[in-house]
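**Student:** First, the structure itself, so that you have it in front of you.
The values are calculated or read from the model by the stated rules, or taken from the named source; none is laboratory data. Source: prediction; values computed, not measured. Note: ideal-geometry Cβ built from the backbone for every residue, glycine included; neighbour counts use all protein chains shown.
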Amino acid sequence: MPDPKRPCDVDGCDEPATVHLTQVVNNESATHYLCRKCARDKGIRSEPAQDPAVDLLAQIFGPGSPDDAGTDGRSCDSCGMTMATFRDAGRLGCSRCYTVFEARLRRVLSRVHGSSRHAGKAYMPPDPNLAAHGDRLAELRRSLQRAIAAEDFERAAILRDQVRSHELSEPS
């Protein structure tokens, strides 16, 4: 943060500098101290950045876009959210909003993703048979180790064969 007593670097401006700007061009660094007004005149935002989703929605809806015309008087009957509020906040108010604004949200999703339908990978829970198979194999190996430790080699040979058989029959 710049020193509040330092004046703005712009000629003719006596306001205190509130923006510290460092520019690097061709590996040359230049530091400027600007007041809020001069920074804004140069196109520099001095306000804290908002949620990236809000910036994305503002770019998608954009001023003058078909979706900028309003919400056709619609608001969510559960939370009171409007499309204008959604555009500004970047979040819907409740689960009911998805139903109320479905047609508008489909258009937004089509612009962002190229489709309003999910076409990516689907979550598949692990196969319970595979887990049970692995548990059984681990139990056989523990039993084999106990049999070897007890020098029960006949039982160990039987368990060894069961482990091999179980490894070969592993479900895919």
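**Student:** Return the pair list, or none, for Cβ contacts closer than 7 Å from residues in the stretch 33-44 that are at negative phi to residues that are assigned to a strand (DSSP E or B) and at pLDDT 85 or above, at least 6 apart or on different chains.
**Tutor:** Partner pairs satisfying both residue conditions: 35/16.
**Student:** Among the listed residues 132, 157, 150, which satisfies the condition of being out of contact with any Leu (no Cβ under 7 Å at 6 or more places or on another chain) and surrounded by fewer than 11 Cβ atoms within 10 Å (Cβ to Cβ)?
**Tutor:** Every option except 150 fails the conditions.
**Student:** OK, next. Based on what the data block shows, is residue 74 surrounded by 13 or more Cβ atoms within 10 Å (Cβ to Cβ) and modelled with pLDDT of 75 or more?
**Tutor:** Judged against the criteria, residue 74 is a match.
**Student:** Just wondering, is there one or more residues in the stretch 129-151 that are in a loop (DSSP other than H, G, I, E, B), over 22 Å from the mean Cα position of the chain (by Cα) and at pLDDT 90 or above?
**Tutor:** Yes, that holds for at least one residue.
For every residue, the table says whether it meets (1) surrounded by 15 or more Cβ atoms within 10 Å (Cβ to Cβ); (2) over 30 Å from residue 106 (Cβ atoms); (3) at pLDDT 80 or above; (4) touching a strand residue (DSSP E or B) at 6+ places or on another chain (Cβ under 9 Å).
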{"residue": "6", "(1), (2), (3), (4)": "no, yes, yes, yes"}
{"residue": "10", "(1), (2), (3), (4)": "yes, yes, yes, yes"}
{"residue": "13", "(1), (2), (3), (4)": "yes, yes, yes, yes"}
{"residue": "24", "(1), (2), (3), (4)": "no, yes, yes, yes"}
{"residue": "39", "(1), (2), (3), (4)": "yes, yes, yes, yes"}
{"residue": "47", "(1), (2), (3), (4)": "no, yes, no, no"}
{"residue": "55", "(1), (2), (3), (4)": "no, no, no, no"}
{"residue": "59", "(1), (2), (3), (4)": "no, no, no, no"}
{"residue": "69", "(1), (2), (3), (4)": "no, no, no, no"}
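**Student:** Oh, and also: Return the residues of the stretch 83-97 that are free of Cβ contacts under 8 Å to residues at least 24 places away in the same chain and hydrophobic (A, V, I, L, M, F, W, C); say none if nothing qualifies.
**Tutor:** If the condition is that a residue be free of Cβ contacts under 8 Å to residues at least 24 places away in the same chain and hydrophobic (A, V, I, L, M, F, W, C), then 83, 84, 92, 94, 97 are the ones that fit.
**Student:** For the stretch 150-166, does any single residue satisfy the condition of being of a type in the set (A, V, I, L, M, F, W, C), in contact (Cβ under 8 Å) with a residue 24 or more places away in the chain and touching a Lys or Arg at 6+ places or on another chain (Cβ under 9 Å)?
**Tutor:** Within the stretch 150-166, one or more residues are of a type in the set (A, V, I, L, M, F, W, C), in contact (Cβ under 8 Å) with a residue 24 or more places away in the chain and touching a Lys or Arg at 6+ places or on another chain (Cβ under 9 Å).
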